[in-house]
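Participant: One structure is given below, represented as structure tokens, and several questions about it will come after.
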Amino acid sequence: MANMDAFADVITSEQELRAIIGTPGPRAVLKQRPVLDAYCRAFFARSPFVLMATAGGDGRCDVSPKGDAPGFVLVLDDRRLLIPDRPGNKRIDGMRNLLTNPNVGLLFVVPGREETLRVNGRASITRDPRLLDRCVAAGKTPLLAIGIEVEESFFHCARAFLRARLWAPEHWPAPDALPSYACMVFDQIKPEGLTVQDYERDIEASYARLY
């Protein structure tokens with residue numbers, strides 16, 4: 001439950017929310033699909049990146065990025081997807097959430113396209129070798145994969161990406177507008193016995209082991 005003292009004039013019901021926002025038009029409602037059609041499959045085949053939203057049994061939420069070559073998320077049939085788990089930081093925030101709450105939301109992105117594809121459903125963590133063998137990349141078979149039972153899917157319009165000018169390089173910040181990832185994390189953690197240069201080298205080395 002949200003802390004109502006954190007912000008003033010808080011909306012507490014859908015009735016209040018609808019009074020301000022209004023109701024969706026027919027197109028926004030009718031585009032929702034219970035199965036994965038040919039347009040969804042074509043989008044998956046060209047998407048190298050998906051965001052996976054989960055929430056644990058205690059309500060704590062997480063959004064985890066998943067990325068690989070376009071089409072890395074497999075379509076098993078018109079109601080099931082498979083996301084291979086590639087090596088990462090071993091936090092497994094999203095997968096830990098799935099152990100207590102299988103509900104999941106996915107947002108698929110195709111570079112250069114402002115529209116996205118949203119998929120909601122229920123997820124489970126599988127180590128089925130028959131499925132993992134289909135997810136080999138760079139000669140490496142993943143240890144696990146996330147299976148998605150699709151409950152609904154729909155395309156999301158381009159407004160957010162257009163406002164953000166996400167694919168317009170002329171609006172991107174300069175490369176040095178922010179400190180490097182290594183510098184920021186080093187300053188947050190302040191590891192003993194290491195310099196920021198050590199940290200930079202360690203992180204660069206880890207990026208060489210993508211699989």
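Participant: Sort Phe154, Phe108 by accessible area with a 1.4 Å probe, largest first.
Facilitator: Greatest to least solvent exposure: Phe154, Phe108.
Participant: Taking only protein heavy atoms and a 1.4 Å probe, what accessible area per residue, in Å², does the stretch 81-211 have with all protein chains in place?
Facilitator: 67
Participant: Taking just the alpha carbons, could you work out the radius of gyration and Dmax for the stretch 152-211, both in angstroms?
Facilitator: Every Cα atom of the stretch 152-211 included, Rg and Dmax give 17.7, 51 Å.
Participant: While we're on this one: Taking a point 7 angstrom from the Cα of Arg130 along the C-beta vector, which residues in the stretch 72-109 have backbone N less than 14 Å away?
Facilitator: Residues 76-77 fall inside that zone.
Participant: Which distance in Å, rounded to a whole number, links the C-alpha centroids of the stretch 99-120 and the stretch 41-71?
Facilitator: 5
Participant: Above 14 angstrom, tally the Cα pairs of the stretch 92-147 and express them as a % of all pairs, no decimals.
Facilitator: 64
Participant: Keeping the other protein chains in place, figure out the carbon and sulfur percent of the accessible area of the chain, with a 1.4 Å probe.
Facilitator: The computed percentage sits at 56.
Participant: What is the count of Lys pairs in the chain whose alpha carbons sit under 30 Å apart, if the two are 8 or more places apart or on different chains?
Facilitator: 6
Participant: How high is the relative contact order of the chain? Use alpha-carbon pairs under 8 Å, at least six apart in sequence, and give a whole percent.
Facilitator: 19
Participant: Here's another thing I want to ask about it. How much length would be gained if the chain were fully extended between Thr100 and Leu17, taking 0.36 nm per residue of separation minus their Cα-Cα distance, in nm to one decimal?
Facilitator: Extra length available between Thr100 and Leu17 comes to 26.9 nm.
Participant: Next question. Here are several values of mean projected area of the Cα convex hull in nm²: (i) 12.4; (ii) 20.2; (iii) 15.9. Which one was derived from the coordinates shown?
Facilitator: Identified label for the calculated read-out: (iii).
The values are calculated or read from the model by the stated rules, or taken from the named source; none is laboratory data. None of the values given here were measured: they were computed from a predicted structure. Here the Cβ is made from the backbone with ideal geometry for all residues, glycine too, and neighbour counts use every protein chain on show. Areas reflect the complete protein model, heavy atoms only, side chains present, ligands, DNA and RNA absent. Shrake-Rupley method; radii C 1.70, N 1.55, O 1.52, S 1.80 Å.
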